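The values are calculated or read from the model by the stated rules, or taken from the named source; none is laboratory data. Treat the numbers as computed from the prediction; the structure is a model and nothing was measured. Cβ atoms come from the backbone with ideal geometry, glycine included; neighbour counts cover every protein chain shown. Protein only, heavy atoms only, side chains kept; ligands, DNA and RNA dropped before computing areas. Shrake-Rupley method; radii C 1.70, N 1.55, O 1.52, S 1.80 Å.
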Amino acid sequence: AESGEEEEEGEAPPELTPEEMAARCKVFIDSISNTVWDYIRRGLFVRHKQTVSVMIALKIATNDGWLTNEQVDFLVAGKVSNDPGNMGPLGSWLPEVIWPKVKALEGRAEFKGIGDTMQSDTDDWKEWFSLPNPEVAKMPSDYDKSLDQFYKLVLIRAMRPDRVSVALNGWLKNNLGNNFVEQPPFDMAATFKETTNQTPVFFVLFPGVDPTGWVETLGKELGFTEENGNFKNISMGQGQEKPAESIVQRYAKDGGWIMLQNCHLMESWVPSLERLLEVVQENAHKAFRCYISAEAPSMDWMKNMPESLLQSCVKVSNEAPADVKSNLMRAWSEFSQERIDANTKPKEFKGILFCLCYFHAVVCGRRGFGPQGWLRMANGQTYSYNTGDLTVCADVLFNYLDTNPTVPWQDLRYIFGEIMYGGHITDPFDRRTCMTYLSVYIIPAMFESLQLAPGVKCPNFDELDFAGVYDYINTTTPSESPVLYGLHPNAEIGFLVRGAETLFVTILQLSGGGGEGGGGGSSIVRTVMNDLTERLPPDFIMLLLMETATPKLEEAHAPFVVCSLQECTRMNNLLREMRRTLVDLDKGLKGQLNMTQPMEDMITAFTINEWPGRNPFSKCTWEKNAWPSMKNLGPQFNDLLRRCEQLTTWTADAISPMSTWISGLFNPMAFLTAVKQVMARSTKQALDNTTNETHMTTFLDPSQVTGDYPLDGMYIHGLFMEGARWTTPEEGAEEVYTEGHTPCRGFLMDSILKELLPPLPVMYVKAVVVQPHWIADGVGFLRQDPSIFECPVYINQKRGGTYVFLGGCVRAFVCARSAVCFASLPA
């Protein structure tokens, strides 16, 4: 009977050989991997796609055995040597921050002796390091042969972090295929095939992206339109809850499509929608579909949609291109030839409208550079510029040109920059940037082929109509680069470096820092805990410090003594909290105390080399008691030791150092206020009538500062500049001048390529009396002097809320690009 059944069913397929079975399994695995990735990436933001693809690739690599967990940890952790030693001849060209990373590579056999090799072959390494694309170039010293692509990626991460993104893409292509790097355009029809009557579609809204057209176009092809009575588009807002619920219930019963837009405006109602969908989907008509759209929250850690709703939906995150060309073409497309012809001054309207569109493209594109683009981009904040701002400005332009005999240039710049676009801006320096753009773009020279940026000129508005200008934009706009935004090429390097660091930090945080089984993670935590405990400095004995300081409080420099005591108090708060939590963690690991959430958070931070409490959801309080920093655990702890050394020297005899490391203070503003207090008391001035003035000295190192204290001020050091640089002694030799008895020199210049954060000389901070013509602003007193660049000083590269004071670079030639100073830097 069985043989008869086999005959009826036909011959059984031939048995596969082990090789054929392995090849077949590989095809299945590759197909499943690509299918899963296609589903995941459709709902990812652009900035997250590479992070997720790398995480998938590393997990596949470890599961398949072509990478070990130790190799993955070595790449992701990006170790730094605590004692790198002397750089030797490399010091003439290799950035100092790179050398500890290079020496840390020697922890792997593949890089044994690489530091000595680089010092002996310094010319070859310098040439390779200076290449625009070192990831594809031949490596010096036979490393091109001895290192595979993975270890070349490790070396790129240590020496050229700005090329990590490109190198990762090459590694992904070679190992997982091109699909993990380059994705096809969004296909609404293909997405619809994955939906059912029980699977809603969730669209993430972005500026310049409207999913309504995609849904309506597909609906027309499939017969779902408002004319047919089976499609309804509702823009959610107050009073729309009941109509939306009614239509969901009707279409779930009879069949139809409903699109609920802008659901982020109805956060309190969305849970009710989620429950309604759960109820109606049980017996929903097979033609029922629900489409939902909402904007992402302004901060990465915020939630405005229920997580369970997002998990039940097919998610679509299709961001519009954010480069200058795409933004400019999209902005220009908002208008028409009829709109231009309707104005009484069509040429002027067309010209100013073009420059206004370019301005819109630039201010939107700057968001891609993070805090270097807009200062308020820290912590996920952003300025929500949109096409509504552009169209309203165009309406204002239209009316002003119609009602004025001549073009009111100044009025237009003020309305565009201070009211329309300026209405979004909350930072004074961002407002200055906005107005600077308009002062360059919205001027009469636009009708004489004004150059808006390198390679971008205004077209001939007499010859080109609306369509001609659109073609001009499409054919002549150069490829994306920082110079189109008025930024130095270093801005892109800094952006890429921060992006690479964010990618690996995210992987570390999501993976828990590695450490596979066998107590490996516990061993790391114990090692870090014991090291920190042994090196943690003792508390400052405040009673003894007060005894030493009391006589000094009667002297002229008493405000600096008070400042040092305040710093010691804050340092004691941090040291005590660190010591207490380290002791508790030790007891917890030994089983003497129950493990608490703060202990668990500290273990997680130690595992991923993060300063405890840096995560906003962490219960550990180190970050709360520390100073603002972007450094990892090791470098920030070393900073703590240096700060304690400065305070120990400062408080030993209660005499201020000749030059204060201002980056080593919890509250640098208090020190600057002390400078003003000393001057105000000596001259009988009101403190509110004084401010700080800065001069760059000829001292390149604080050890060169000798003699007496400067007049009405103090020397400070530890500052760095981004976006520009200060001249070297050779470049500024002829600009030496004396302020009081302090020799000063130099001026601002454009940055050197790849020198992202050049250090500044010792700075002379002087207290001066406020002059009547100075303008009081929220950030300080603005001098209105073209020879002074009013430079904001921040604690770190997050900028924004870490503002310290307004440093005026006196006798400075203002460079073409904005610059800021930092009091401390990330490792």
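Note down the relative contact order for the range 132-275 as a percent, whole number, built from C-alpha pairs under 8 angstrom at least six residues apart. Show your work: numbers first, answer last.
On the way: 87 pairs, mean separation 19.0, N = 144.
Reported as a whole number, the value is 13 percent.
Averaging over all projection directions, the Cα-based convex hull of the range 191-315 occupies 7.6 nm² in the image plane. Protein heavy-atom accessible surface, 1.4 Å probe, per residue over the chain: 48 Å².
Number of Lys-Lys pairs in the range 514-648 with C-alpha atoms under 27 Å apart and a separation of 8 or more places or on different chains: 5.
Over the Cα atoms of the range 413-488, the radius of gyration divided by the Kirkwood radius equals 1.02; this is the Rg/Rh ratio.
For V181 and R108, what is the calculated FRET efficiency with R₀ set at 25 Å and r taken between the beta-carbons, to the nearest 0.05? Display every interim value, and only then the final one.
On the way: r = 27 Å, r/R0 = 1.07.
Computed FRET efficiency for V181 and R108 comes out at 0.40.
Largest first and in whole Å, the equivalent-ellipsoid semi-axes of the chain read 50, 40, 28, each the square root of five times a Cα gyration tensor eigenvalue.
Report summary: the helix-based calculation at 222 nm, which adds -39500 (n - 2.57) for every DSSP H run with n ≥ 4 and divides by the residues of the chain, gives -14000 deg cm²/dmol.
Between D411 and E463, what's the calculated FRET efficiency when r is the beta-carbon distance and R0 is 25 Å? Round to 0.05. Approximately 0.30, to the nearest 0.05. The label-point distance for N69 and T426, in a model that sets each label 7 Å from Cα toward Cβ, rounds to 4.3 nm. Pairs of Cα atoms nearer than 8 Å and 6+ residues apart set the relative contact order; for the range 57-133 it is 23 percent.
DSSP bridge analysis restricted to the chain gives an antiparallel fraction near 60%, rounded to the nearest 5. Using 0.36 nm per residue and subtracting the Cα-Cα separation, the extra length available between E282 and S333 on full extension is 13.9 nm.
Here the accessible area of the range 432-540 is 56 percent carbon and sulfur, with a 1.4 angstrom probe and all protein chains present. Note on K242: lysines with a C-alpha under 30 Å away, same-chain residues under 8 apart excluded, are K193, K220, K232, K253, K286, K303, K315. Cross-link pairs exceeding 25 Å between alpha carbons, from the set K173/K798; K101/K145; K49/K145; K79/K152; K26/K138: K173/K798; K49/K145; K26/K138.
Note on the range 243-356: with neighbouring protein chains present and a 1.4 Å probe, carbon and sulfur make up 48 percent of its accessible heavy-atom surface. Per-peptide packing, taken as the mean over residues of other Cβ atoms within 10 Å, places 322-328, 140-146, 36-42 in the sequence 322-328, 36-42, 140-146 from highest down. Here the label points at L510 and H48, each 7 Å from Cα along the C-beta direction, are separated by 0.8 nm in the simple model. Counting only residues at least eight positions apart within a chain, or on another chain, the aspartates and glutamates with an alpha carbon under 16 Å from that of K350 are E334, E338, D341, D395, D402, E448, D462, E463, D465, D471. A cut-off under 15 angstrom between Cβ atoms defines the neighbours of S130, and their net charge, with Lys, Arg +1 and Asp, Glu -1, is -2. Taken one residue at a time, the phi angles of the range 639-646 give Karplus couplings (6.51, -1.76, 1.60, θ = phi - 60°) of 4, 4, 5, 5, 5, 5, 4, 5 Hz. Gly and Pro are set to x. Each of T391, W409, F359 was placed along the dipole of the chain (beta-carbon charges, centred on the mean Cα), and the one lying farthest toward the positive end is W409.
Relative to the present Cα-Cα distance, how much length would full extension add between S141 and T502 at 0.36 nm per residue of separation? Intermediate results must be reported in sequence, preceding the final value.
Details: separation 361, 0.36 × 361 = 129.96 nm, distance 3.09 nm.
This chain segment gains 126.9 nm when fully extended.
The lysines within cross-link reach of K325, meaning a Cα-to-Cα straight distance under 16 Å and a gap of 8 or more places when in the same chain, are K457.
Sorting 436-448, 669-681 by their mean Cβ neighbour count within 10 Å, with the most densely packed peptide first, gives 669-681, 436-448. Remark: the K619-V583 segment gains 11.3 nm on full extension, using 0.36 nm per residue and subtracting the alpha carbon distance. FRET efficiency for the K193 to S523 pair, using the beta carbon distance and R₀ = 56 Å, is estimated at 0.65. If you average the sequence gap of Cα pairs under 8 Å that are 6 or more apart and divide by the length of the chain, what percent do you get for the contact order? With pairs under 8 Å counted, the relative contact order is 9 percent. Computed over protein heavy atoms with a 1.4 Å probe, the carbon and sulfur contribution to the accessible area of the range 127-226 reaches 49%.
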